[in-house]
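What follows draws every value from the coordinates through simple rules; no lab data is involved. None of the values given here were measured: they were computed from a predicted structure. Every residue, glycine among them, receives a Cβ derived from its backbone with ideal geometry; neighbour counts consider all protein chains shown.
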Amino acid sequence: MYFQDIGFINNFKAHSLLTVISVILIFTSASSYGEPPIIEYGDRFHPVVGGRGMVVSQEILASQTGAAILAAGGNAVDAAVATGFALAVTLPQAGNLGGGGFMLVYLASENKTIAIDYREVAPLAAVRDLFLDKNGEVDKNKARFSYLSAGVPGTVAGLIHAQQNYGSLSLADVLAPAIKLAEQGIRVSYPLAYSLNRAQQRLIKWPASRKYYFGPDGTPLQAGSLWRQADLASTLKALAKEGRDAFYQGRVAELIIADMNQNGGLITRQDLADYRVIEREALVGTYRGYDIAAMPPPSSGGVHLLQMLNILEGWKLTELGHNSAEYIHRLIETMRRAYADRSKYLGDPDFYPVPVADLIDKSYGTRLREGINLDHATPSSDIAPGLNLPEESPQTTHFSVWDNAGNVVSNTYTINFSYGSGIAVEGAGFLLNNEMDDFSAKSGVPNAYGLLGGQANAIEPKKRPLSSMTPVIVFKGGEPVFTTGSPGGSTIITTVLQTVLNVVDFEMNIAEAAAAARIHHQWLPDTVFIETGISLDTQRLLVEKGHDLQKSRRVIGRTQTISSDGEYTYGANDYRWPGGAAIAEPSR
Ligand code: GLY
């Protein structure tokens, strides 16, 4: 066990002790292994090494929760579900009960990958022009920060579906740690205190949010203070007792409906009772001898990841050099074309015939590659017309789990913005998503991520908004070799792309792959966002090729990755946000 970031000092001694115990465990159990784990002395960054069990999430207590479930005999799905519920307690800005997401599950015994879609759905009363004002303009406040912005939540149904179909413990077992964290309380970490401070204005105006996340005088929770969440604990206990019905028909449903009725929300009893998890066929593509399993629509992540890999496969990227101008130029032009397609063709496949097979066809990748000018940028306006709006707060969270039987879970879930709509459900202790903003409110007008859409992603009752979430599992010779995913709104897909390229083309270990500087382009705005770490020389060469570069205001993505060589697991939580951790199962 190894702690990458410890968010608060009060737990430091306990953590140090655990670290010592874990190191002893790793080394004592390592002596019975054949070859020792792979540690390259030349690498600047190193993953955490464990036996075959590993959990990586954006919050340390949640990672510890998942690892403890593995140690108690649970499989990867049990650990993932426990981690997901724990994040709902410890990472309220993105972990959730009131949102939705996507989970890939690789079952080693069946050599099969399952894609679980638990994305939110639009309420029955939602109409296409829900967010247009009387002048026909998009009312962003309504779309992002009102009761109307919430889709029918899918997280509880999704996690429980995974647990009941693919877990090995009882639902009560995997919920117990989250209940304990909520009931007995956690010490507020610095990252949580910081993030609440930033979101104060938005949250404090809603009485329940004020009650849950701020002191009686309205000051945000302070780092190091004990934070108990009694209402959230009651909600989790109801789930442990009654399963999903507690949320979609029982006590929690009543609280949601009361809140909706009092505040002009659209979600009804029928919406909740009708919510369904959908198991979809995982998308599978190939790249340089690797098989990549990814999420199909209504996430755009899998389609465009595979589409971009198909374009890039035709060039010898390794020879160009990592993050050289020639390499980045090819990345930009590839991203530009994929995101242009996203705006036109992607939406909920149950409502719109998304041409998935055509988009991920190798011959289409070749055609797009052949249209790329290697000397000069192609203006986005030459690819398709569009508008140009700034990016906004990307939040979402990913976690990866690997168990000692070789089962793998790659899960990304979200309430959209940091703290979602900012509105907590009175009495239930959790925040509502603002995922309705992921729909295209008006054709040609970008959403909060600057992403455009048309009819394919227009609002319709019971439709799922288009997502960028990109959980992936990568295989070689039929065996899983690594899994990754990331938060980051529209930058999720390009973050996962660069992680795959860093590992496959540039042979980086997963910690190096996470640490390398990233770039992002999404067709519109026609701007290349770059992180710190792209040299001035490279930037100059890219500008000479006609690219408009801009330093990204935020980091681009934050991955949670696990790899395995069949003997050991290697975990890497991205360094871009403090508080996350890769935690090895403490025994083998
Ligand atoms: N809410 C961000 C996404 O689903 O892509």
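Checking the cross-link pairs K180/K211; K205/K237; K112/K442; K205/K442; K140/K316; K241/K462 against a 32 Å limit on the alpha carbon distance flags K112/K442; K140/K316 as lying beyond it. Using R0 = 25 Å, the C-beta based FRET efficiency linking V127 and K205 works out to 0.40. Counting beta carbons within 10 Å around each of F399, F351 and listing the fewest first gives the order F351, F399. Per-residue extension of 0.36 nm, minus the Cα-Cα distance of I38 and D350, leaves a gain of 107.8 nm for this segment. Fully extending the segment from R367 to V284, taken as 0.36 nm per residue of separation minus the present Cα-Cα distance, adds 27.8 nm. A simple charge model with +1 on the Cβ of Lys and Arg, -1 on the Cβ of Asp and Glu and nothing else charged puts the dipole of the chain at about 1160 debye relative to its Cα centre.
Compare the Cα positions of Q539, T83, F482 along the charge dipole of the chain (+1 at Cβ of Lys, Arg; -1 at Cβ of Asp, Glu; about the Cα centre) and return the one farthest towards the positive end. Going by the Cα projections, it comes out as T83. The ellipsoid that matches the Cα gyration tensor of the range 84-148 has semi-axes, each √(5λ) in whole angstrom, of 34, 17, 9, with the longest given first.
Ranking I311, N447, Y364 by Cα position along the charge dipole of the chain, where only Lys, Arg, Asp and Glu carry charges on their C-beta atoms, puts N447 farthest toward the positive end. Counted residue by residue at 0.36 nm each, then reduced by the alpha carbon distance between them, the extension gain from R269 to S443 reaches 59.6 nm.
Placing dummy labels 7 Å off each Cα toward the beta-carbon, the span from E479 to A230 is 5.3 nm.
Taking 19 Å as the cut-off, the amide N atoms of the range 365-383 that come nearer than this to a point 7 Å along the Cα-to-beta-carbon line of E326 belong to 369-378.
Packing, as the average of other Cβ atoms within 10 Å across residues, places the peptides 352-359, 51-58, 334-341 in the order 51-58, 334-341, 352-359, highest first.
In order along the range 112-121, the Karplus-derived 3J(HN,Hα) couplings, from 6.51 cos²θ - 1.76 cosθ + 1.60 at θ = phi - 60°, round to 9, 10, 10, 10, 9, 9, 10, 5, 5, 10 Hz, and Gly and Pro are given as x.
In this simple spin-label approximation, A72 and E254 carry label points 7 Å from Cα along the Cα→Cβ vector, and these lie 2.9 nm apart. Taking a sphere under 15 Å around the Cβ of L226 and counting the other residues whose Cβ falls inside, with K and R at +1 and D and E at -1, yields a net charge of +2. Convex hull volume of the C-alpha atoms in the range 115-271, normalised per residue: 153 Å³. Across the range 253-263, coupling constants 3J(HN,Hα) worked out from phi with the 6.51/-1.76/1.60 Karplus curve, θ = phi - 60°, read 4, 4, 5, 5, 5, 4, 5, 4, 5, 6, 10 Hz, and Gly and Pro carry x.
Using C-alpha pairs below 8 Å separated by at least 6 residues, the relative contact order for the chain is 26 percent. Across the range 402-484 the C-alpha pair distances fall into 10 Å bins from zero in the proportions 15, 31, 26, 22, 5, 0 percent.
Over all other residues within a Cβ to Cβ distance under 10 Å of W315, the charged ones net out to -1, with Lys and Arg as +1 and Asp and Glu as -1. The calculated 222 nm mean residue ellipticity attributable to helices in the chain amounts to -11000 deg cm²/dmol, summing -39500 (n - 2.57) over DSSP H runs of n ≥ 4 and dividing by all residues.
Other residues within the sphere of radius under 11 Å centred on the Cβ of R369, judged by their own Cβ, net out at +1 (K and R +1, D and E -1).
Be a star and scan the range 322-338 for residues whose amide nitrogen sits under 12 Å from the point 7 Å along the Cα-to-Cβ vector of E544. In the range 322-338, the label zone of E544 (backbone N under 12 Å from the point 7 Å along Cα→Cβ) covers 325-326.
For the range 226-274, evaluate the Debye formula with one uniform point scatterer on each Cα (no solvent term) and list log10 I(q)/I(0) at q = 0.16, 0.20, 0.24 Å⁻¹, rounded to two decimals. For the requested q values the scattering log ratios are -0.48, -0.68, -0.85.
If you look at the Cα atoms of the chain, you get an Rg and a Dmax of 22.4, 71 Å.
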